[in-house]
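Below: the structure, in structure tokens.
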Amino acid sequence: LIQTNGLPLEKGETVDVLVSEWMGYALFFETMLPSVMVARDAIMTPRTGTMYPNIAKVFLEGTNDKERLAYWDNVHGLNMAPMKDRMISELTQEAWVEIVDDDCIVTNRDETIAFDLNTCKDEDLDFEAPFELTLRNDITATAADNVVEVHQLVVSFDIDFAVQNTTKVSFSTGCQSTPTHWKQAVLWFDVIHNCPVLNRQKGDVMRGIFKMKRNAENHRAVDMAVVWETGRNSEGSWKRTMDGSIKRSLIA
């Protein structure tokens, strides 16, 4: 419509508010925002116009899904623990979309990156950003050694309608909020061979770089990668205890 002048606007006329529900799983799945940005740059009133929503934030948090793993230890009286390898092999092939119960969350919810939708550029949508996770105060660590395994990273987003001189309205797709059709995106670690472990008593932290970009072959899909390490500050310096990397995709 913009290319063919098919919009009901006079030449040079602009709009004050541009409303669009473009969000996908993990915020950017299906890559619908760039087309909205084309409309923003073409018809939105400069400086005083706004997108609605106008702020988007991506969050990471860690889970412990021990119940899903423990299931195979006793399947109607049968020990089927060898199936764990098969399950983890399948779960680590790609990213998954599901509703994650807050009871499984073991870390803080870290705001990894925020976008001002009135000013961001197309190239900003392929990004990498640092994150840092620590254990939640309300979860129970293993009594024997005071440690917690992190089985998954959960990707969610929040949306703000936050224009100056108006009442801010927001909604969240985090695990602590009412589930939405966006659910959450889940990135499994290889919990058998290289799973992050945090020791509460020693003050362990999980930190790293989270990357998201459009898939080169299918622009509607997104590729995600995480380079991570665990450790603690000891006598003024960082002491790393574990590290690794994962790559997962949400395929359209």
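Within region 1-24, residues that are surrounded by 11 or more Cβ atoms within 10 Å (Cβ to Cβ) reach partners that are acidic (Asp, Glu) and at pLDDT 70 or above with beta carbons closer than 7 Å, at six or more positions or on different chains, in the pairs Gly24/Glu30. Does Lys66 satisfy being in contact (Cβ under 8 Å) with a residue 24 or more places away in the chain, more than 23 Å from Asp158 (Cα to Cα), open to solvent by 30 Å² or more (accessible area, probe 1.4 Å) and not polar (S, T, N, Q)? Yes; evaluated as a whole, the condition is true for this residue. Looking only at region 201-220, decide whether some residue is surrounded by 13 or more Cβ atoms within 10 Å (Cβ to Cβ), on the phi > 0 side of the Ramachandran plot and touching a Lys or Arg at 6+ places or on another chain (Cβ under 7 Å). Yes - at least one qualifying residue is present in region 201-220.
This table checks each residue for (1) under 26 Å from Ser89 (Cβ atoms); (2) among the charged types (D, E, K, R).
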| position | (1), (2) |
| --- | --- |
| Glu217 | yes, yes |
| Asp223 | yes, yes |
| Val226 | yes, no |
| Glu235 | no, yes |
| Ser245 | yes, no |
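Looking at region 187-252, the strands (runs of 3 or more DSSP E) lying wholly inside it that each contain 1 or more residues that are β-branched (Val, Ile, Thr) and farther than 19 Å from Asn64 by Cβ sit at 205-214, 222-234.
With the structure loaded, tell me whether Ser172 is in contact with an Asp or Glu (Cβ under 7 Å, 6 or more places away or on another chain), of a type in the set (Ser, Thr, Tyr) and surrounded by 13 or more Cβ atoms within 10 Å (Cβ to Cβ) or whether it fails that test. Criteria met by Ser172. Scanning region 82-96 turns up one or more residues that are exposed (fewer than 12 other Cβ atoms within 10 Å of the Cβ) and touching an Asp or Glu at 6+ places or on another chain (Cβ under 9 Å). Which members of region 180-200 meet the condition of being in contact (Cβ under 8 Å) with a residue 60 or more places away in the chain and either small (Gly, Ala, Ser) or buried (at least 17 other Cβ atoms within 10 Å of the Cβ) (or both)? Within region 180-200, Trp182, Lys183, Gln184, Ala185, Val186, Leu187, Trp188, Phe189, Val191, Pro196, Leu198, Arg200 meet the criteria.
The values are calculated or read from the model by the stated rules, or taken from the named source; none is laboratory data. Fair warning: this is a prediction, and the values are worked out from it, not measured in the lab. Using ideal geometry, Cβ is built from the backbone for each residue, glycine included, and neighbour counts are taken over all protein chains shown. For the accessible areas, the whole protein counts, side chains as well, though only heavy atoms, and no ligand, DNA or RNA atoms are used. Shrake-Rupley method; radii C 1.70, N 1.55, O 1.52, S 1.80 Å.
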